[in-house]
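Everything below concerns the one structure shown next.
Bear in mind these aren't lab numbers, they're just calculated from the coordinates by the rules spelled out. Model, not experiment: these values are computed from the prediction. Because the Cβ atoms are built from the backbone with ideal geometry, glycine has one as well, and the counts that use them run over all protein chains shown.
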Protein chains: 2
Amino acid sequence: MSVLIVGSTALDSIKTPTAENPRLLGGSASHAAVAASFFAPVKLVGVVGKDFPKKYVTLYKKHRIDLSGLQVQEGKTFHWSGEYEVNMNNRRTLLTELGVFEKFTPHLPTEHKKSPFVLLANIAPALQHHVLDQMAKPKFVVADTMDLWLNIALDDLIRLIKRVDGFVLNDSEAHQLTKEDNVFAALKKLHKMGPKYVIIKKGSHGSILSGPKGAFICPAYPLPKVVDPTGAGDSFVGGMMGYLSTAKGGVDANIRRAMIYGSVVASYCCEGFGLNRTTRVKRADIDKRVSDLERLTKF
Amino acid sequence: MSVLIVGSTALDSIKTPTAENPRLLGGSASHAAVAASFFAPVKLVGVVGKDFPKKYVTLYKKHRIDLSGLQVQEGKTFHWSGEYEVNMNNRRTLLTELGVFEKFTPHLPTEHKKSPFVLLANIAPALQHHVLDQMAKPKFVVADTMDLWLNIALDDLIRLIKRVDGFVLNDSEAHQLTKEDNVFAALKKLHKMGPKYVIIKKGSHGSILSGPKGAFICPAYPLPKVVDPTGAGDSFVGGMMGYLSTAKGGVDANIRRAMIYGSVVASYCCEGFGLNRTTRVKRADIDKRVSDLERLTKF
């Protein structure tokens, strides 16, 4: 089955202590869509400006991503610029130029409205609501978010959480939302807000799922060097949704393995700037690291 | 086989945001010895003053810990006092009264010198050397440490690392020692310093082993509430060494499962002040949580 992915499509200018890369293909939907494409057909919904480089359209197409829901509008593509500190965990935003993203309203082509698997990648909660309003009974909906929406659109976000099957956020966002320092206490509170599945991402420490079949401690793939972690969280959830949409046997039977696949795609994402590494990955590379993780966690 | 454990034996006064507990049984050797005692006969080497409460001797004995190497000297028992912040991760030392610990020299009874498994729990590296000097060909020696020794006894510590089979430290100590932010890069550098097995502890994020059979990502047992993390690292390494010393098939075949057992004992440690919870645990409780961890990590 196919996955519908709605989120931001952007140009990212990224600085790390060792390098600087301007105007890479970025945005939550781009990372998630490429990640999901290793496992399933993907429909992307987003917006870009007239300045959006043709090579990035080619790149989406190389991954067989359905672009019929990608709007191309007069104006400039959303441009984000950020800088990482030496430890590659802390980053600060240098610049945000919303461009055509400022007035973006996701319109779903008719075919998209029937998508069984829906990933509401990181984007304003109001837009995530708007997508859900257009859907016809999706099978499994997951929403991701970021600290910005907790700060400026908390009510929208809280209403959204009630409408989705799965909610994904990182540990500092979970702390901000629940006031709980402890991840497992936070998971409990997040369930009370609505979703059946809650996943807290912990960066290089992996992630934790809490769902109807109990909790799952999902490892991160061990990387001795992180080049650029931008989009790793989006790749994780994109890979997970891609894997889930084609796995036989339902969500409960497959979500753990789906997280492992997401974790592996996220590890490739971290090994290059933007999508540079991820787009050179083959399915066999992914399967290799999944086997590695089996070996790395067996006892 | 039995485990020889050398380290500090102390009275801990611990403050958390919700409670205060004076003069609990503490110290690296106490925590490690009780943890190891669930799996193997333990010989403890340490020093206490004449003020050491009889109830704590009774408690050691309840765990069948051999106290023939525990010196009782004129003077006061080492007393440490610390306070935890709300998130239970950051702590500050309020008071350190060394007492009889100041002039402690570990003398091993003849029987102890032949112990096959040796845990040099956290204590000054010079004393860890002194123990090793007295040993007759131990089978497997592991050393733990703390940031204090990196600050005031670095040369001794670096010489010690070369002499042991396994070296255990936490992530911030690994960073301090190797200047590497990345755990896997740090592991590589630590191996170059000598030991065949290196374990980096990451608190609630679990631990990572790097050894001859590759790496192992060891989860922490999920706890929705941490009462007092003091001694959790000592419990982890103590439980690990206890399990290893009785497991059939050698270190490589058992170290992963040994870490899981250590992780479980550490989880119990965190659920009570000092050793309050650990000393009420039965072997069946431990096995139950090991099964839980199997389920929590399976994919």
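A few points about this structure:
- Counting charges near B:Ala126 (Lys, Arg +1; Asp, Glu -1) among other residues having Cβ under 14 Å from its Cβ returns a value of -1.
- Where N is the number of residues in the range B:10-84, Cα Rg divided by 2.2 N^0.38 Å: 1.13
- Closest approach of a chain A beta carbon to the axis mapping chain A onto chain B (residue, whole Å): A:His205, 2.
- Modelled FRET efficiency - R0 45 Å, B:Arg163 with A:Met146, Cβ distances, 0.05 increments: 0.40
- Exam field: A:Thr96 pseudo-label spacings to other copies (7 Å along Cα-Cβ), nanometres: 4.5
- Beta-bridge orientation, chain A: approximately 40 percent antiparallel, per DSSP, counting only bridges with both partners inside.
- Simple spin-label estimate for A:Leu94 and A:Ala136 in nanometres, 7 Å along Cα-Cβ: 4.7
- If R0 is 30 Å, the Cβ-Cβ spacing of B:Val86 and A:Met193 corresponds to a FRET efficiency of close to 0.85.
- Test item: Cα-centred dipole of the range A:1-67, Lys/Arg +1 and Asp/Glu -1 on Cβ, debye: 240
- DSSP beta bridges in the range B:66-218 [antiparallel fraction, %, rounded to 5]: 55
- Segment A:Glu20-A:Arg295, length gained on full extension (0.36 nm per residue, minus Cα span): 95.5 nm
- Highest-MSF residue in chain B out of B:Pro219, B:Pro22, B:Pro195 [GNM, Cα springs under 10 Å]: B:Pro22
- A point 7 Å from Cα along Cα→Cβ stands in for A:Glu294, and the other copies hold the same point at 1.8 nm, listed in rising order.
- The range A:44-110: trypsin sites (Lys or Arg not before Pro) falling in loop per DSSP and having at most 15 other Cβ within 10 Å: A:Lys50, A:Arg64
- Per-residue ellipticity at 222 nm, computed for chain A from helices alone with -39500 (n - 2.57) per DSSP H run of at least four residues, works out to -11500 deg cm²/dmol.
- Estimated FRET transfer efficiency (A:Glu74, A:Thr110; beta-carbon r; R0 30 Å; 0.05): 0.75
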